[in-house]
Amino acid sequence: MMGPRALTNKIKEHMGVQSRLTLVFVVTMLFVLAVNFNIYFFMNSEFERGNSVYMSNVTADALSEDLKLMHGSLEEYLNTKSSDAMGDYYKYQQEYLSKLDETVKLSGAGETGVLAENIEELSKSYIRYADEAVAAKRGRIVERYREMYVDAERVLGYINSYIYLLNSRFFSANSETHEGIRGSFNDLEILSITMLVMVSVLNIVFIVLITGNIMSPVKEREMMMASHLKETELKYLQAQINPHFLFNTLNAGAQLSMMEGADRTGEYLQNVAAFYRYRIRKGNEDTLLSDEIQLVDNYVYILNVRFSGEISYEKDVDDSLTATPVPVMILQPIVENAFNHGIRDIGRQGEIRLSVSGEGNELVVSIKDNGRGMDPEVIEKMLSGNPEEVSESSDGNGVGLKNVISRLELYYGKSGLLNIRSDGKDKGTEVFIYIPRPEEKDV
Amino acid sequence: MKKDTKRYGTYITLIVLISANILLGFFLIRMRTVTNSGDPAGGGRTYDARYAFICEDSEDDLYAAVYDSAKLVGEENGDYVEFMGRDLSVIYSPEDLMDASVEAGMDGIIVESAVSDRMNELIDRAVDKGIPVVALGTDQTASKRNAYVGCAYYSVGQTFGSRIVSLSGDEVKNVTVLMTKEKENSNHDIIFSGIKNYIESAGLSQNFSLTAEFIDDSQPYGAEESISALMGRDEIPDVIICLQETATTCACQSLVDMNRVGETDIIGFYVNDTILSAIKDGVLLGTVVMDAETMGKYCIETLDNFRENGVVNEYMPVNTYVIDGNNVDDFIEEAVGDNDGTKSADQ
């Protein structure tokens, strides 16, 4: 049997981020929908109640109207003795009695109940007199039907007065009910707003929690890492270089040089080709420290050709340490900075010294130049991630120090992996990269 | 650990969301119950009997108090007492209301009305149909009424007489009894006889000149006009006896308006806030009061008895008492506490 936690994990495994996000939104939207539907249902039923509030008044009016019609047809019959009028009289009597029944039911008990009972009893009296009047008229007992008609008319007056009173009692009770419904609509308005605000807030909390679970820190780090690499690649593209084309072209040039016996040109082109090949070959973020050092060698060679051997390049590398995996493109940008901002155009022999040594659980890669040096404020700025002017030199490859620091931090999951030291103006700069040994890397 | 916390957070949120929906549901149900409880019948109780209460003047405080008492006792006994005509849009005469009560098949009728042939006929018709009738205040002796609830008017006259006698002095005093035209030959005559006989039996006939003056209350505001006319005369009686609450109130007001307080002694009938103030201020010498609460109670008990046993005590007298300067404060206190002024104090 699978426990709920195991089931959740299983679902998580099988659901992509999109599906999970969709689920979250569907659940929250369904909830909002349920609340709205509830409110709508209540409002609808209240509207219906509102429509039927004055039903008892309508019935009482109809009762009064039927009574009038019944009495009218009685009068007509007594005047004309027409069989139509007699038919009408009995028809309206039936209608009146059925309305009366309805009114009595609507009146319930209590004072209105007593009033309705009065009307019922008076109506019985009226119908007795009226029926007797009709019978006397048919039997041509003139005195009797006149007498009965007068009695019926007398009672009719009382009935009308009582129906009027009952109607006003109904109206006053119905008005109270109406007021109640109005009050409940007001309550509902406040409730709806409160509920919707509450539900929205809770939904936001819910979404934040759920998406927080989906976007775990590890995944977020991977995504940021990829984003930075993309940025790196984009910078290359911005430089309008097609590495494949350039690499092939350079290789072709190197071969041509060899065939023509121009060995130095051939070597130069090979170095340039190797430099660009590096980016193509290293499609992912990992590489070995030795490859990074090789790239620096290529780069310095190219620079030396370009600038007629301005740079004295020295390496002090412990080869046993260079098999360590590191993020790609972390050394070359620093060397590029050392050249562009340190030793270029200083009017003396520029020196760059690359050293790799092991210190405790870390490898220390140092890139040192004898150039212009840096002010402590500039160092501070660069380390804190605001090196506005640092990377964007006109002929650099555009991958700045900030980018290197970010990728190091993301890759190793901790900060403080890069440090800069300078003894002051014209006293050179030394950049240290502290690489945790593989067993130290906390990924 | 962190993951667990988040998971719990999610579960808590879900629970809160579900609870909120349940709360909403409960709230809606509650609102529905509240709005559905508006019972158009108002009260909703059922009654064993419907009694009609008819009185000539629905504004009269005495009979309004009697009705209140009857209604209260009726509620306790499961009877609904309807003040006939009071809420109707048409103004009906007591006779018409009696007729309507008979046609509406009431279970009992309490009627306060002047004596008339038509009323007698209607009472007889009701009794013949098996509807018990209690005559209230004025005994309908010529009818088949089942019982009379009210005071003994002769003794009311004697009470007035004793107060008049206490005012005797060396000079002959003119005593005017204000009687209504409508009540000619009925209660007011009996009261007048009571007064006269009391003075005679006290041997003070020569000290008082007793006359009756009729006020016309057949027209609206007629009583007030008649009394104002009387008070406006150059010579007004030394003692004025009012036999109605309205007349008493009007007499007090006229005396004050015409600035003639002290020129005459008025003894009134029944009580209200104005009358109590007038006694307190010395405008009114005193007033004779009927026990309205007991009257209302007797009416209902009589009708209930008739329905249950078929027989009743035909004569149910109630006490009268006098409020004057000596005890008016007690009644003012009661009126403040009760805002009624009809509470009895058996003598």
**OP:** State whether one or more residues within the stretch A:347-357 are assigned to a helix (DSSP H, G or I) and touching a residue at least 24 places away in the same chain (Cβ under 8 Å).
**Re:** no
Original post:
If you go through the stretch A:146-184, how many residues are at pLDDT below 90 and of a type in the set (S, T, N, Q)?
Top reply: 5
Original post:
Which residues, counting only those in the stretch B:70-94, are surrounded by fewer than 18 Cβ atoms within 10 Å (Cβ to Cβ), away from every other protein chain (no Cβ under 11 Å) and over 19 Å from A:Gly110 (Cβ atoms)?
Top reply: B:Ser93
**OP:** Report, ordered by the first and then the second residue, all pairs with beta carbons closer than 7 Å, sequence separation of six or more or different chains, a first member in the stretch A:22-47 that is more than 16 Å from A:Ile204 (Cβ to Cβ), and a second member that is polar (S, T, N, Q) and part of a helix (DSSP H, G or I).
**Re:** A:Ala34/B:Asn21; A:Ile39/A:Ser192; A:Glu46/A:Ser184
**OP:** Inspect the stretch B:169-177 for any residue being of a type in the set (Val, Ile, Thr) and modelled with pLDDT under 90 and give the result as yes or no.
**Re:** yes
Original post:
Yes or no: B:Cys242 more than 25 Å from B:Val149 (Cα to Cα) and either buried (at least 17 other Cβ atoms within 10 Å of the Cβ) or touching a Cys at 6+ places or on another chain (Cβ under 9 Å) (or both)?
Top reply: no
**OP:** Answer with yes or no whether A:Gly261 is of a type in the set (Gly, Ala, Ser), farther than 30 Å from A:Pro327 by Cα, surrounded by 13 or more Cβ atoms within 10 Å (Cβ to Cβ) and modelled with pLDDT of 65 or more.
**Re:** no
**OP:** Out of the residues in the stretch B:164-182 that are under 24 Å from the mean Cα position of the chain (by Cα) and assigned to a helix (DSSP H, G or I), state the one that is nearest to B:Glu263 (Cα to Cα).
**Re:** B:Lys181
Original post:
If the Cβ limit is 6 Å and pairs must be 6+ apart or interchain, which residue in the stretch A:180-198 that is more than 7 Å from chain B (Cβ to nearest Cβ) pairs with which residue that is outside any helix (DSSP H, G or I) and surrounded by 16 or more Cβ atoms within 10 Å (Cβ to Cβ)?
Top reply: none
**OP:** For B:Ser228, state whether it is in a loop (DSSP other than H, G, I, E, B) and among the polar types (S, T, N, Q).
**Re:** no
**OP:** Could you check how many residues of the stretch A:321-346 are touching a residue at least 24 places away in the same chain (Cβ under 8 Å) and surrounded by fewer than 18 Cβ atoms within 10 Å (Cβ to Cβ)?
**Re:** 5
Subject >> Test set (1) in contact with a Leu (Cβ under 6 Å, 6 or more places away or on another chain); (2) modelled with pLDDT under 85 - A:Tyr434 fails condition number >> reply: (2)
Original post:
If you go through the stretch A:22-40 one residue at a time, do you hit one that is at pLDDT below 90, under 23 Å from the mean Cα position of the chain (by Cα) and assigned to a loop (DSSP other than H, G, I, E, B)?
Top reply: no
**OP:** Could you check A:Leu100 against (1) in contact (Cβ under 8 Å) with a residue 24 or more places away in the chain; (2) farther than 15 Å from A:Leu78 by Cβ; (3) at the interface with another protein chain (Cβ under 10 Å from one of its Cβ atoms) and say which number it fails?
**Re:** (3)
Original post:
Only one residue in B:Leu178, B:Leu97 is in contact with an Asp or Glu (Cβ under 6 Å, 6 or more places away or on another chain) and over 17 Å from B:Tyr298 (Cα atoms). Which one?
Top reply: B:Leu178
Subject >> Members of the stretch B:276-316 found to be assigned to a strand (DSSP E or B), within 18 Å of the chain's Cα centre (by Cα) and closer than 18 Å to B:Gln140 by Cα, listed by number >> reply: B:Met316
Original post:
Residue check, B:Tyr198 against (1) farther than 23 Å from B:Asp324 by Cα; (2) part of a helix (DSSP H, G or I); (3) at pLDDT 85 or above, all met but one. Which one?
Top reply: (1)
Original post:
Between residues in the stretch A:149-167 that are more than 13 Å from A:Lys68 (Cα to Cα) and facing chain B (nearest Cβ under 7 Å) and residues that are surrounded by fewer than 19 Cβ atoms within 10 Å (Cβ to Cβ) and among the charged types (D, E, K, R), which pairs lie under 6 Å by C-beta distance while being six or more apart or on different chains?
Top reply: A:Leu165/B:Asp87
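Among A:Ser320, A:Ser308, A:Ser290, which is the only one that is modelled with pLDDT of 90 or more and in the same structural domain as A:Gly373 (by TED's automatic domain parsing)?
A:Ser290
The values are calculated or read from the model by the stated rules, or taken from the named source; none is laboratory data. Predicted model only: the values in this text are computed from it and were never measured. Every residue, glycine as well, gets a Cβ built from its backbone with ideal geometry; the counts of neighbours run over all protein chains shown.
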